1. A291 fails exactly one of the following numbered conditions: (1) crowded, with 19+ Cβ neighbours inside 10 Å; (2) outside any helix (DSSP H, G or I). What is the number of that condition?
2. Would you be able to say whether some residue in segment 71-81 is exposed (fewer than 15 other Cβ atoms within 10 Å of the Cβ), modelled with pLDDT of 95 or more and farther than 30 Å from L130 by Cβ?
3. Going through segment 74-116 one residue at a time, which ones are within 15 Å of R126 (Cα to Cα), assigned to a helix (DSSP H, G or I) and of a type in the set (A, V, I, L, M)?
4. Could you check segment 121-203 for helices (runs of 4 or more DSSP H) lying wholly inside it with 2 or more residues that are of a type in the set (D, E, K, R) and buried (at least 19 other Cβ atoms within 10 Å of the Cβ)?
5. Given the conditions (1) within 39 Å of the chain's Cα centre (by Cα); (2) part of a helix (DSSP H, G or I), report the number of the one that C357 does not fulfil.
6. What are the pairs, 6+ residues apart or on separate chains, where a residue within segment 213-233 that is over 15 Å from W257 (Cα atoms) has its Cβ under 7 Å from a residue that is basic (K, R)?
7. Starting from segment 334-361, take each residue that is among the β-branched types (V, I, T) and list its partners that are part of a loop (DSSP other than H, G, I, E, B), counting only C-beta distances under 8 angstrom and pairs at least six apart or across chains.
8. Among the residues of segment 217-227, is any more than 19 Å from W166 (Cα to Cα), at pLDDT 95 or above and surrounded by fewer than 21 Cβ atoms within 10 Å (Cβ to Cβ)?
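The values are calculated or read from the model by the stated rules, or taken from the named source; none is laboratory data. Quantities reported herein were computed from a predicted structural model and do not represent experimental measurements. Every residue, glycine among them, receives a Cβ derived from its backbone with ideal geometry; neighbour counts consider all protein chains shown.
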Amino acid sequence: MNSQIKPKEYIPDASIHPGMSLADILETRGISQAELARRMDKPVQAINEIIMGKKEIIPDTAITLEHVLGLPASFWLKLESNYRESLARNKENKELNLQMELARAYPYGEMASFGWVKDIRNPKERVEQLLQWLGVAHLNLVPAQYEVAFRKSQKFFVSNEKLAVWLRHGEIEFQNQKLESFDKSKVDDLMRSLRVLTREDIKKACEDARSLCARYGIALIFTPEFKSFPVSGATRWVSGNALVQVSLRFKTNDHFWFSIFHELGHVFKHKRELFIEDDVKIDNHGYEKEANQFAAEYLIPEAKYHEFLSKNPLVAESDIIRFAENLGVVPGIIVGRLQHDKKISVNQYNRLKRRLCWTKN
């Protein structure tokens with residue numbers, strides 16, 4: 001019985017251009033470029049440019065090749081598609097190699113410990129994770145994305161990469177917020193409601209504070225701080241809503257609540273620009289002083305504070321507890337204010353403060 005032996009399937013290398021595959025087929029069949037050009041009714045130069053990889057195989061050309069050589073148009077188009085993808089992949093790999101050096105400046109280990117990126121060691125995979133998380137096509141685009149923040153950060157020598165990542169966390173969390181419209185006139189209602197929360201369990205207080213701020217058109221975001229990162233808070237505006245971002249940099253409840261109230265001072269008192277809180281006390285426009293006064297007044301009204309001091313020149317622990325209860329704030333906030341104003345030493349009554357730390361959900 002005669003059996004027809006099917007020719008071995010031709011599987012080209014995706015990394016070579018389709019013209020080389022065409023040249024191999026022509027050589028196997030003994031067809032010259034000039035002969036193929038005549039059969040396809042194309043200039044010889046056009047055929048030569050395809051074979052040299054200077055010209056792509058477009059759908060019309062693929063159909064003509066199907067008629068002349070018997071190989072389906074899909075074969076030629078797949079060849080072209082695979083080749084173009086291969087070129088793009090090769091280009092991407094070269095760019096990834098260049099980006100690996102840039103990636104070394106990012107706090108990847110800490111990001112992984114926070115659950116923001118995968119805990120991996122491969123440098124190229126780390127770059128891919130960073131690109132996805134930062135939402136950019138190349139790490140060299142990050143400076144343009146955070147140009148204003150980087151310019152402001154020059155005064156306190158913070159790592160630009162850490163700052164970009166920290167701010168990006170706020171942006172990502174902002175996308176998950178359901179916010180009402182911002183209304184500046186409701187400042188008193190919000191701030192007084194927030195002050196009550198200072199006496200709650202801190203985990204519940206954080207959840208309630210986020211929900212409360214959202215009802216007033218403000219996204220309150222809590223973001224872990226990096227090592228050697230002198231930023232405790234930031235405020236900016238996104239699509240008409242305020243984004244307030246704070247950390248636990250100082251690890252005590254008095255600093256934590258003051259940071260929140262301070263950032264909200266920027267929201268309600270200042271123009272819609274980026275504010276970043278740091279260790280350096282440069283305040284050319286008086287914005288930081290105003291935000292401090294705003295926070296201090298809502299946490300401990302100035303008149304009541306001076307009345308307390310006049311009645312208690314030698315401040316006792318019981319006086320602080322009683323004053324805090326009258327104001328409806330946690331005692332640690334009173335202690336922090338007294339220490340800041342040097343009414344008591346930095347070591348006095350610290351047991352009235354609550355130490356805070358991040359916990360994983």
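1. That leaves (2) as the condition not met.
2. The answer is yes, given that some residue of segment 71-81 is exposed (fewer than 15 other Cβ atoms within 10 Å of the Cβ), modelled with pLDDT of 95 or more and farther than 30 Å from L130 by Cβ.
3. Within segment 74-116, L96, L98, M100, L102, A103, M111, A112 meet the criteria.
4. Working: elements: 123-134, 142-145, 147-153, 160-175, 187-197.
Of the helices (runs of 4 or more DSSP H) lying wholly inside segment 121-203, those with at least 2 residues that are of a type in the set (D, E, K, R) and buried (at least 19 other Cβ atoms within 10 Å of the Cβ) span 160-175.
5. Evaluating C357 over (1) within 39 Å of the chain's Cα centre (by Cα); (2) part of a helix (DSSP H, G or I) leaves (2) as the failure.
6. Pairs found: A214/K178; Y216/K186; E225/R249; F226/K162; F229/K162.
7. I334/I300; V335/I344; V335/Q348; V335/Y349; V335/K353; I344/V315
8. Pass one, segment 217-227, residues more than 19 Å from W166 (Cα to Cα): 217.
Filter again for at pLDDT 95 or above, leaving 217.
Now restrict to residues that are surrounded by fewer than 21 Cβ atoms within 10 Å (Cβ to Cβ): 217.
Yes: one or more hits.
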